[in-house]
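The values are calculated or read from the model by the stated rules, or taken from the named source; none is laboratory data. As the structure is a computational prediction, the values presented were derived from the model and not from experiment. With ideal geometry, Cβ positions are generated from the backbone for all residues, glycine too; neighbour counts draw on all protein chains shown.
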Amino acid sequence: MVARPHVAIVVDRMSVDDLAAVQEIERESFTTPWPPHAYRAELETNRMAHYIVARHGDRIVGFAGVWLMVDEAHITTFAVRKTWRRQGVGERLLIALLALAEARGARETTLEVRPSNHPARRLYEKYGFAPVGVRPRYYSDDNEDALIMTTDRLDGRQMRDRLAGLRAAVAKRPDIELGADGLPIEPAARAGRAGEAGAAGGEEAQEAEGRHAAAPDVLRPSNVRRSS
């Protein structure tokens, strides 16, 4: 397969014009998707709500949202298009949410996650989230508990240094490589090609695959309820 040029992911604010694409990702990611009017209301009437999208050119490949409530930022939703998962899109969105929270004066950021979602939990721990409580039988599909995770103070020295280092590491990653079909090449395929090129290259590609696999590609962590 002949690869197309690498492409960059740009994180931007969500607009009403983005809602059709957001709903596509919503429907393929969640068994009980939020209705279209919920996102429109969030964008147009909810001053606490802030939503972002990840773009590849004019195509939206992921989105995320956060509520800023006084000095707390609460991540409300998070999803990446299926064909773009395991590419580090989720991590870029998480970095952007934390930067937004800090810029708006939030003291900390919280979210809920399934205890069984170990890859997401590892990523959140990497970004300074720690367990602080449990919401019993939180998830309606299987009654699994929700693990509440919260960061240290966003304006603290330790958190600032952590985020600065992680942002720098993400900025150094190569852009996502597309195949001839216009879709991202799977990390395993990239690792295989790198391995054929040489042992050193294969090790580097496998390390990148491990980082990207930890991204929270689908997350509905919030205790915020949407009416249908």
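Residues of region 74-112 that are surrounded by 22 or more Cβ atoms within 10 Å (Cβ to Cβ), among the aliphatic types (A, V, I, L, M) and under 13 Å from the mean Cα position of the chain (by Cα): 75, 79, 80, 89, 93, 94, 97, 98, 111. Does region 84-102 include one or more residues that are under 22 Å from residue 130 (Cα atoms), in contact (Cβ under 8 Å) with a residue 12 or more places away in the chain and polar (S, T, N, Q)? Looking for residues that are under 22 Å from residue 130 (Cα atoms), in contact (Cβ under 8 Å) with a residue 12 or more places away in the chain and polar (S, T, N, Q), one finds none in region 84-102, hence no. For first residues located in region 129-151 and in contact (Cβ under 8 Å) with a residue 24 or more places away in the chain and closer than 23 Å to residue 97 by Cα, partners that are of a type in the set (Asp, Glu) and assigned to a strand (DSSP E or B) and lie 6+ apart or on another chain with Cβ distances below 6 Å form the pairs 146/112; 148/112; 150/108; 151/108. Quick one: in region 90-115, which of the residues that are of a type in the set (A, V, I, L, M, F, W, C) and either in contact with a Pro (Cβ under 6 Å, 6 or more places away or on another chain) or on the phi > 0 side of the Ramachandran plot (or both) is modelled with the highest pLDDT? Across region 90-115, the extreme among qualifying residues is 111.
Provide a single number: the residues in region 57-73 that are β-branched (Val, Ile, Thr) and either more than 15 Å from the chain's Cα centre (by Cα) or more than 22 Å from residue 171 (Cβ to Cβ) (or both). Walk me through it before giving the result.
Going residue by residue through region 57-73, those that are β-branched (Val, Ile, Thr) are 60-61, 66, 70.
If we keep only those that are either more than 15 Å from the chain's Cα centre (by Cα) or more than 22 Å from residue 171 (Cβ to Cβ) (or both) too, we end up with 70.
Residues that pass the stated criteria total 1.
Give the residues of region 92-110 that are in contact with a Ser or Thr (Cβ under 8 Å, 6 or more places away or on another chain) and over 14 Å from residue 12 (Cβ atoms), sorted by residue number. If you could, list the steps in order and put the result at the bottom.
Initial filter on region 92-110 (in contact with a Ser or Thr (Cβ under 8 Å, 6 or more places away or on another chain)): 97-98, 101, 108-110.
Those that are in contact with a Ser or Thr (Cβ under 8 Å, 6 or more places away or on another chain) and over 14 Å from residue 12 (Cβ atoms): 98, 101, 108, 109, 110.
Is at least one residue of region 77-95 assigned to a helix (DSSP H, G or I), within 23 Å of residue 157 (Cα to Cα) and β-branched (Val, Ile, Thr)?
Our first condition is that a residue be assigned to a helix (DSSP H, G or I); within region 77-95, this holds for 82-84, 89-95.
Keeping just the survivors that are within 23 Å of residue 157 (Cα to Cα) gives 91-95.
Retained after the next criterion (residues that are β-branched (Val, Ile, Thr)): 95.
Yes - at least one qualifying residue is present in region 77-95.
Set side by side, the residues 125, 177 differ, and just one is charged (D, E, K, R) and either surrounded by fewer than 17 Cβ atoms within 10 Å (Cβ to Cβ) or at pLDDT 90 or above (or both), which is 125.
Filtering region 1-44 down to residues that are modelled with pLDDT of 90 or more and part of a loop (DSSP other than H, G, I, E, B), which residue is nearest to residue 65 (Cα to Cα)? Across region 1-44, the extreme among qualifying residues is 14.
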